[in-house]
Amino acid sequence: MKKSPIDKLFFELYGYYPKKAGAAYELLVAAALKVVTGEKIKYDQHLRGEYSETDYQIDGFNEEKSQIVEAKDYTINKKKVGRPDLQKLQGALSDLDVESGLFASATEYTKPAKKYSDSSEKNPLQKQIELYNIRPSTELDEKGRINKFIVNMTMVTPDFESGQMVCAWTKSAIKKFEKNGLIGKPITLRIDRFYRKDGTIDCLLVDFTRNNQPAHPKMDDEFGIGCWLLPNKYIMYEEELYELKGISYKIPYRRSITTFTIDSDGQPKVLIKSEDGTINKLLTDEQFKKLTFKNGKVE
């Protein structure tokens, strides 16, 4: 039996040829719908007609939409899907307890077929038939699409070690400095924590600055300039507590630039495009290879 382009694509993706003629396209369509919708998609199902009790073989079925799927691969004879194909599907729809139908073609549709699909949405005596083109993708399909993102990420972090900080003291703290003979004398003081009035630790400076970053109005600012108000916080010097009003600061920023690329997952292999324009996507080999066909379900 002559293999169609769809058969060859299926073998490329999954490493085998389905035994039943046309099954390769039915499976690819079910897989493509699973990728795009994420809904519960079945393949090769049987439904019994409500009125005729006919046993209908269904190429695919979307459980969540109660929608049957018809898939036609006319790639060997390069024939478009015509109106009679859709009328045959409409006949099944009228006899089945389902909401709508979806027709998938690997070779486009004739104008009468498209008109018939449009009328099915308006005709109260019919059930809607959506038209999809699901076929092997080409290089032309890739034009104008984004398949790679190059991201330049700038990290801006305050350099506290190189910053300038000036403490503002309460009147009681200034009196204590005077009492201890420290006014006008240089003192070396490393502030790494704040205390409460009773001498217990209020918080560490590293935790305080993590939650109170320097003001940074613009990304290109060289410094963060501002003031932290510090009510009821003390620092300790030579076992004495001195109460703060606040700290004014001028903190420089360090900048680092990281560039990384986000590529599409795999190589484009299948175009899925709805006639109404709501879906137009390229699906990759990796997306298909993540799916399996088991007991009539795409998983």
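The values are calculated or read from the model by the stated rules, or taken from the named source; none is laboratory data. Here the structure is a predicted model, which means the values were calculated and not measured. Quick reminder, even Gly has a Cβ in these numbers, built from the backbone with ideal geometry, and neighbours come from all protein chains shown.
A few comments on the model shown:
- Test for Glu239: is it without any contact (Cβ under 8 Å) to a residue 40 or more places away in the chain and at positive phi: yes
- Taking the criterion of being assigned to a loop (DSSP other than H, G, I, E, B) and either within 23 Å of Lys19 (Cβ to Cβ) or within 21 Å of the chain's Cα centre (by Cα) (or both), the residues of segment 251-276 that qualify are Ser264, Asp265, Gly266, Gln267.
- Residue match in segment 125-138 (condition: under 19 Å from Ala32 (Cα atoms) and not in a strand (DSSP E or B)): yes
- Hey, Lys42 in the same structural domain as Phe293 (by TED's automatic domain parsing), at pLDDT below 95 and surrounded by fewer than 23 Cβ atoms within 10 Å (Cβ to Cβ) or not: no
- Screening the candidates Ile76, Ile6 for the property of being crowded, with 19+ Cβ neighbours inside 10 Å and of a type outside the set (D, E, K, R) yields one hit, Ile6.
- Selection status of Ser100, in contact with a Lys or Arg (Cβ under 6 Å, 6 or more places away or on another chain) and either surrounded by 16 or more Cβ atoms within 10 Å (Cβ to Cβ) or within 17 Å of Val298 (Cα to Cα) (or both): yes
- Residues that are touching a residue at least 24 places away in the same chain (Cβ under 8 Å), within 30 Å of Asn280 (Cβ to Cβ) and among the acidic types (Asp, Glu) number at least 2 in none of the strands (runs of 3 or more DSSP E) confined to segment 146-230.
- Among the residues of segment 242-276, those that are polar (S, T, N, Q) and touching a residue at least 24 places away in the same chain (Cβ under 8 Å) comprise Ser248, Ser256, Thr258, Thr259, Thr261, Ser264, Ser274.
- Scanning segment 261-280 for any residue that is farther than 30 Å from Gln164 by Cβ, touching a Phe, Trp or Tyr at 6+ places or on another chain (Cβ under 6 Å) and aliphatic (A, V, I, L, M) turns up at least one such residue.
- For segment 228-286, filtered to residues that are of a type in the set (Val, Ile, Thr) and closer than 22 Å to Arg190 by Cβ, the residue that is modelled with the lowest pLDDT is Ile251.
- For segment 158-168, the criterion of being within 35 Å of the chain's Cα centre (by Cα) and either surrounded by 13 or more Cβ atoms within 10 Å (Cβ to Cβ) or of a type outside the set (Gly, Ala, Ser) (or both) is met by at least one residue.
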